[in-house]
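Report on the following structure.
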Amino acid sequence: MQKYSAISLAYHAFRGHRHWQRAWRSPEPRQHYDVIVVGAGGHGLGTAYYLAKHHGLRKIAVLERGWLGGGNTGRNTTIIRSNYLQDESGGLYELARSLWETLSQEVNYNVMFSPRGVLNLCHDEHDLKGVQRRVLANQASGIEGEFLTPAQIKKEVPEMHVACPRLPVLGASLQRTAGTARHDAVAWGYARAADALGVDIIEQCTVNGFRIEGGKVRGVETTRGAIEADKVALVPAGHASVLANLAGFRLPIESRPLQALVSEPLKPCLNTVIMSGAIHGYVSQSDKGELVIGGGADAYNGYAQRGSPHVLAGSIGAVCHLFPQFRRLRMLRSWGGVVDIAPDASAILSPTPVENLFINCGWGTGGFKATPGSALAFAHLVANGSPHPKAEGFTLNRFASGLIIDEHSAAAVAH
Amino acid sequence: MLLIPCPWCGERAEAEFTYAGEGGIARPKNPPELSDQEWADYVYYRHNPKGTHHELWLHLHGCGKYFRVVRDTVSNQIYGSAPMLEAPPAVPERKEV
């Protein structure tokens, strides 16, 4: 791999930028791999990277039906935080957040991690108690966070209408180590680093069946022919149930549209991330100056990568209550992704009823922040057959045992 | 916004309704005999198809009744609806990979 640095940038500038290497190859699929990862988003590419780097596997392929990073990796609102209520979630999301801090150096690709802080607002007494409880739970388990009074919030975010008559801001949690990152760069960085370790990334290759013999997976059928594999790791996000159906089992997952939108670019006006669960909206400003706005998922199951306009209008309305000055902005574009929501709003990193077939899904509306932690823990599961210590509670067994990880009320934006 | 045909009130905007999940899930007849996994299958596991979906909606801001809807989860085309105790409209089942 050609190392990216200030020196290499200067060197190539003098040569007119005509001799940069391709960031990753575009190989033909081989007949057999040790591990096939299905899905080339951040989580899938990261899984392949950690399998190669930490577990010494060399014959790895990542299959992608569309293009690399074109699913939810390219469609989220790039927020990173780890202030979840339950211990299991806190452990896994904090592992991910700590990996973000050094990810650019790890993969030699600038993922533009910006720990600019995330505020979760509360607007009524019950909301307030929930947020205070979450901050205390986080502090008890070593996750950085603090509670802010309205006066402190006004000092942190002077441009916000804290005394908004309809939705007064009564308090907020603030995680200063949380923030944002460049979403595409995460997929590209992992892809380039994995490719350098010999991982074959094969785009436009749809998996349309599995070879299963005696309850064990032997390979996959694809639109580019059959490929054998000792192990298959599914990282399909919204299409988890579709792939599970092909392999002959069901999942506790429902796929829903989740929408987001960006405004025209502005001069810097918001230096943190504002989220409000009660009024279903969140907003941050990208480095290009656009306001990135998101909200709740659509109510119904859907695979269309678009949702209903009234849901989007609700998110915009919430943000305009808090920032009346944003009302005059024009919106540049809006889009939707298909998110895979589990009944307890927590992820599933698990073996499946088919031996040597593993699944990583259920990240729902908040998977981007978990990318490095999810990939690291899932690579551990696929390589060793047993869960990573930080992800032991996230297997499918929890739905039969009853030990669910309920993050519905604690996920800062209600689903 | 979806235009949803309530069997009692006719076509109304989606904002009047609440989605109530997959339809046609029958409560087990022999609860004491079920294993934990069988309970999990009933309570949590869903088909979640990419294609024809049998689902329930509640006309919350209307007649207040639950009813069945058959909808395509890719095109959002609604094939029809029926009251809870009637059979859902027969449509060709479509499933995408």
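The values are calculated or read from the model by the stated rules, or taken from the named source; none is laboratory data. Just so it is clear, the model here is predicted, and its values are computed rather than measured. Neighbour counts are summed over all protein chains in view; Cβ atoms, including those assigned to glycine, are modelled from backbone coordinates with ideal geometry. Keep in mind that these areas ignore ligands, DNA and RNA; they rest on the heavy atoms of the full protein, side chains included. Shrake-Rupley method; radii C 1.70, N 1.55, O 1.52, S 1.80 Å.
Scanning for something assigned to a loop (DSSP other than H, G, I, E, B) and facing chain A (nearest Cβ under 9 Å), does the range B:3-19 turn up at least one residue?
Filtering the range B:3-19 down to residues assigned to a loop (DSSP other than H, G, I, E, B) leaves B:7-9, B:17.
Checking the rest, the ones that are also facing chain A (nearest Cβ under 9 Å) come to B:17.
Scanning the range B:3-19, I find at least one residue that is assigned to a loop (DSSP other than H, G, I, E, B) and facing chain A (nearest Cβ under 9 Å), so the answer is yes.
Restricting to the range B:76-85, and then to whatever is hydrophobic (A, V, I, L, M, F, W, C) and touching a strand residue (DSSP E or B) at 6+ places or on another chain (Cβ under 6 Å), can you tell me which residue is surrounded by the fewest Cβ atoms within 10 Å (Cβ to Cβ)? Outline the logic, then answer.
Start the filter on the range B:76-85 by keeping residues that are hydrophobic (A, V, I, L, M, F, W, C), which leaves B:78, B:82, B:84-85.
Pick out the ones that are also touching a strand residue (DSSP E or B) at 6+ places or on another chain (Cβ under 6 Å) and you get B:78, B:82, B:84.
Details: B:ILE78: 18, B:ALA82: 16, B:MET84: 12.
Within the range B:76-85, the match that is surrounded by the fewest Cβ atoms within 10 Å (Cβ to Cβ) is B:MET84.
Conditions tested, residue by residue: (1) charged (D, E, K, R); (2) assigned to a helix (DSSP H, G or I).
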site	(1), (2)
A:MET1	no, no
A:LEU9	no, yes
A:TRP20	no, no
A:GLU28	yes, no
A:GLY46	no, yes
A:THR73	no, yes
A:ASN76	no, no
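Report yes if some residue within the range A:257-268 is under 17 Å from B:GLU22 (Cβ atoms) and surrounded by fewer than 21 Cβ atoms within 10 Å (Cβ to Cβ); otherwise report no. Steps first, please.
Of the residues in the range A:257-268, the ones under 17 Å from B:GLU22 (Cβ atoms) are A:257.
Checking which are surrounded by fewer than 21 Cβ atoms within 10 Å (Cβ to Cβ) leaves us with none.
No - not one qualifying residue is present in the range A:257-268.
Before we move on, is A:ALA237 away from chain B (no Cβ under 14 Å) and buried (at least 17 other Cβ atoms within 10 Å of the Cβ)? Can you show your working first?
Details: away from chain B (no Cβ under 14 Å): no; buried (at least 17 other Cβ atoms within 10 Å of the Cβ): yes.
Criteria not met by A:ALA237.
Among B:GLY24, B:GLY10, which is the only one that is small (Gly, Ala, Ser), loosely packed, with under 14 Cβ neighbours inside 10 Å and more than 14 Å from the chain's Cα centre (by Cα)?
On the way: B:GLY24 fails: more than 14 Å from the chain's Cα centre (by Cα).
B:GLY10 is the lone residue from the list that is small (Gly, Ala, Ser), loosely packed, with under 14 Cβ neighbours inside 10 Å and more than 14 Å from the chain's Cα centre (by Cα).
Would it be correct to say that A:LEU68 is farther than 30 Å from A:LEU291 by Cβ and either in contact (Cβ under 8 Å) with a residue 12 or more places away in the chain or more than 28 Å from the chain's Cα centre (by Cα) (or both)?
Answer is no for this residue.
Could you list all residues from the range A:201-220 that are more than 14 Å from chain B (Cβ to nearest Cβ) and open to solvent by 30 Å² or more (accessible area, probe 1.4 Å)?
Filtering the range A:201-220 for residues more than 14 Å from chain B (Cβ to nearest Cβ) gives A:201-204, A:211-219.
A:GLU203, A:GLN204, A:ARG211, A:ILE212, A:GLU213, A:GLY214, A:GLY215, A:LYS216, A:ARG218 - these are the residues of the range A:201-220 that are more than 14 Å from chain B (Cβ to nearest Cβ) and open to solvent by 30 Å² or more (accessible area, probe 1.4 Å).
Return only the number of the condition from (1) open to solvent by 30 Å² or more (accessible area, probe 1.4 Å); (2) at the interface with chain A (Cβ under 8 Å from one of its Cβ atoms); (3) of a type in the set (Val, Ile, Thr) that B:THR73 does not satisfy.
Looking at each condition in turn, B:THR73 falls short on (1).
Which count do you get for residues in the range B:36-54 that are more than 7 Å from chain A (Cβ to nearest Cβ) and open to solvent by less than 50 Å² (accessible area, probe 1.4 Å)?
Step one: list which residues in the range B:36-54 are more than 7 Å from chain A (Cβ to nearest Cβ), which gives B:38-39, B:41-43, B:49, B:51-52, B:54.
This time we only want the ones that are open to solvent by less than 50 Å² (accessible area, probe 1.4 Å), so: B:49, B:51-52.
Count: 3.
How about the range B:55-70: which of its residues are among the hydrophobic types (A, V, I, L, M, F, W, C) and either over 10 Å from B:GLY23 (Cα atoms) or within 11 Å of chain A (Cβ to nearest Cβ) (or both)? Step through it out loud before you land on a result.
At the first step, the residues of the range B:55-70 found to be among the hydrophobic types (A, V, I, L, M, F, W, C) are B:56-58, B:60, B:63, B:67, B:69-70.
Those that are among the hydrophobic types (A, V, I, L, M, F, W, C) and either over 10 Å from B:GLY23 (Cα atoms) or within 11 Å of chain A (Cβ to nearest Cβ) (or both): B:LEU56, B:TRP57, B:LEU58, B:LEU60, B:CYS63, B:VAL69.
Restricting the first residue to the range A:394-409 and requiring it to be facing chain B (nearest Cβ under 9 Å), which pairs with a second residue that is buried (at least 19 other Cβ atoms within 10 Å of the Cβ) and of a type in the set (Ser, Thr, Tyr) meet a Cβ separation below 6 Å and a spacing of at least six or different chains?
Between residues of the range A:394-409 that are facing chain B (nearest Cβ under 9 Å) and residues that are buried (at least 19 other Cβ atoms within 10 Å of the Cβ) and of a type in the set (Ser, Thr, Tyr), the close pairs are A:LEU396/A:SER350; A:PHE399/B:TYR44.
State all residues of the range A:129-154 that are hydrophobic (A, V, I, L, M, F, W, C), buried (at least 17 other Cβ atoms within 10 Å of the Cβ) and not in a strand (DSSP E or B); if no residue qualifies, say none. Step through it out loud before you land on a result.
Step one: filter the range A:129-154 for residues hydrophobic (A, V, I, L, M, F, W, C), giving A:131, A:135-137, A:140, A:143, A:147-148, A:151, A:153.
From what is left, the residues that are buried (at least 17 other Cβ atoms within 10 Å of the Cβ) are A:131, A:135, A:137, A:143, A:147-148, A:153.
Within the range A:129-154, A:VAL131, A:VAL135, A:ALA137, A:ILE143, A:ILE153 qualify.
Scan the range A:179-200 residue by residue and report those that are in a strand (DSSP E or B) and surrounded by fewer than 24 Cβ atoms within 10 Å (Cβ to Cβ). Give the steps one after another, and end with the answer.
The initial filter retains those residues of the range A:179-200 that are in a strand (DSSP E or B), namely A:179-180, A:200.
Answer for the range A:179-200, where residues must be in a strand (DSSP E or B) and surrounded by fewer than 24 Cβ atoms within 10 Å (Cβ to Cβ): A:GLY179, A:ASP200.
Tell me which of these B:PRO88 doesn't satisfy, since it passes every other one: (1) more than 8 Å from chain A (Cβ to nearest Cβ); (2) open to solvent by 50 Å² or more (accessible area, probe 1.4 Å).
Exception for B:PRO88: condition (2).
Say we look at the range B:20-35 and pick out the residues that are in a loop (DSSP other than H, G, I, E, B) and more than 24 Å from B:GLU96 (Cβ to Cβ); which of these is nearest to the other protein chains (Cβ to nearest Cβ)? I'd like the intermediate steps shown before the answer.
If we filter the range B:20-35 for residues that are in a loop (DSSP other than H, G, I, E, B), which is where we start, we get B:23-30, B:34-35.
Restricting the remaining residues to those that are more than 24 Å from B:GLU96 (Cβ to Cβ) gives B:26-30, B:34-35.
Values: B:ALA26: 16, B:ARG27: 17, B:PRO28: 15, B:LYS29: 20, B:ASN30: 17, B:LEU34: 11, B:SER35: 8 Å.
For the range B:20-35, the residue satisfying everything is B:SER35.
Which ones in the range A:261-306 are at the interface with another protein chain (Cβ under 10 Å from one of its Cβ atoms) and touching a Phe, Trp or Tyr at 6+ places or on another chain (Cβ under 9 Å)? So that I can check it myself, show each step before the final result.
So the first thing to find is which residues in the range A:261-306 are at the interface with another protein chain (Cβ under 10 Å from one of its Cβ atoms), and the list is A:298-306.
Passing the criteria: A:ASP298, A:ALA299, A:TYR300, A:ASN301, A:GLN305, A:ARG306.
Collect the residues in the range B:57-70 that are open to solvent by less than 30 Å² (accessible area, probe 1.4 Å) and within 9 Å of the chain's Cα centre (by Cα), keeping them in residue-number order.
So the first thing to find is which residues in the range B:57-70 are open to solvent by less than 30 Å² (accessible area, probe 1.4 Å), and the list is B:57-59, B:67, B:69-70.
Passing the criteria: B:TRP57, B:PHE67, B:VAL69, B:VAL70.
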